[in-house]
Structures are given as structure tokens and as C-alpha cells.
Amino acid sequence: MAVAVHDGDPLSRAGLIAYLQRQQAVTVLNGTQGGENPAVADVAIMLLDQVDTESARRLHNLVNDMKKKVVLVTGELDESQLELVLNAGLHSIVWRHQAATDRLVKVLRTTYQGESEVPSDLLARLLAQMGRMRRGERKEAGPGDGLTERESRVLQFVAKGLATKEIAAQLCFSERTVKGILHDLMVRMQLKNRAHAVAFAIRAGYI
């Protein structure tokens, strides 16, 4: 799995690159060796102290123009910053204090495989925010005709933070079936990732 690190102050970036270079499953493409091209990385890490409009624009460029799967490593996110990164198409989030731990490698691996990872405490805040919006707004119509029962059940487990394998076990589906349900849903509803799908489902009143 080829990884490139973007942004971050030089010291933090160097420390993160040094940690990743010690991981057997990871090849860092913007390390100290020559001939490495970050543009061909499988997963991009964006290391940010704080999310603002400019960093969200760079994130959007990585996801949409360079077609990268992006993991954000940051210290904190408030509701407005969370909205910025979700709208930019971010795939996964890791708190900065977890950046030099096995947690980061796990998130990189699942993101590379096409899944999303969001810290449970951040997901809880997202659900609370969407719940407030749901109570204050009318039910929205999506680009499709709504969710099927299977889609709603899968999203309920996604909202609880379960991984694909765990959802499959709960519903007696194969992992491939769960991935297919989520993929079809996100394409039909024009959603960018799992967190975006959960937010949409809650806001629209489907779960």
C-alpha cells in the first residue's frame, strides 16, 4: 500500500513519515529516497492542525481532481469544520494523538480497501448534530426514491460504528453484499462516503 503525506508542519510531517516507514505493509512515497512520486500513492494522508476553507479546498482537490482516498489526521474538528471536510469528500479521520499508533495503519488499510473510518466520539457528535437538524427541518427528498429496508438496516449499523465484517455477521450477509448495498446507495443518492450516507439518512428521517 503506497501512502503519501500532505501538509503539516515539517517536524510533524517528518515524524509521521518516519513512523510509516517502519511499517511493513506501507510504502511511503514522499520519504527521503529519490524517485518517489506522491501523485501515484494509493492513499493520501492530510496532516492538519486546523481545518479551514483553504485546507478544505486542498482536500477537495486531492479527492476529486487527483482521485485520491484521503485520511485526515487532525487534532480537533468542530461542527462547521466537520461539514467542510465531509463536503470535500473525505474518506476517513484519525485523531492526531493516534497518528503514531496501530490505529492509523488500520485506518489506512480499510480506507485503501474502499471503506471509511470515523472516530466514534466524532460520529456521535455528527449524529447529534444531524438529529437537531432533523427536528428543525422538514424531511428532505434525495435523488432517488428513498432507502430500501436492507439499506436502512445496513446504515443503522454503520451509524453504530460497525465495520463491514461486523455488519455482515449481524445481518447474515456476505461482506461483498454489504459493500454492494453501500456502494449502490451512495451512487444512487450521490453520497461521498459512509459518514455522508449516515448524515443524509438521519437528516432525511430514514433512520
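The values are calculated or read from the model by the stated rules, or taken from the named source; none is laboratory data. If you're wondering where the values come from, they're calculated on a predicted model, not measured in any experiment. Glycine also receives a Cβ, built like all others from the backbone with ideal geometry; neighbour counts cover every protein chain displayed.
On the basis of being at pLDDT 80 or above and not in a loop (DSSP other than H, G, I, E, B), does residue 107 make the cut? Criteria met by residue 107.
Applying the selection to the stretch 28-51, what residues are among the polar types (S, T, N, Q) and either modelled with pLDDT of 90 or more or out of contact with any strand residue (DSSP E or B) (no Cβ under 6 Å at 6 or more places or on another chain) (or both)? Within the stretch 28-51, 32, 33, 37, 50 meet the criteria. When you check residue 164 against the structure, is it within 26 Å of residue 72 (Cβ to Cβ), at pLDDT 85 or above, under 21 Å from the mean Cα position of the chain (by Cα) and not small (Gly, Ala, Ser), yes or no? Spelling it out, residue 164 is indeed within 26 Å of residue 72 (Cβ to Cβ), at pLDDT 85 or above, under 21 Å from the mean Cα position of the chain (by Cα) and not small (Gly, Ala, Ser).
Within the stretch 163-176, residues that are more than 13 Å from residue 153 (Cβ to Cβ) and of a type in the set (A, V, I, L, M, F, W, C) reach partners that are surrounded by 14 or more Cβ atoms within 10 Å (Cβ to Cβ) and at pLDDT below 90 with beta carbons closer than 8 Å, at six or more positions or on different chains, in the pairs 163/110; 163/115.
Scanning the stretch 73-97 for residues that are without any contact (Cβ under 8 Å) to a residue 12 or more places away in the chain and surrounded by 14 or more Cβ atoms within 10 Å (Cβ to Cβ) turns up just one, 83.
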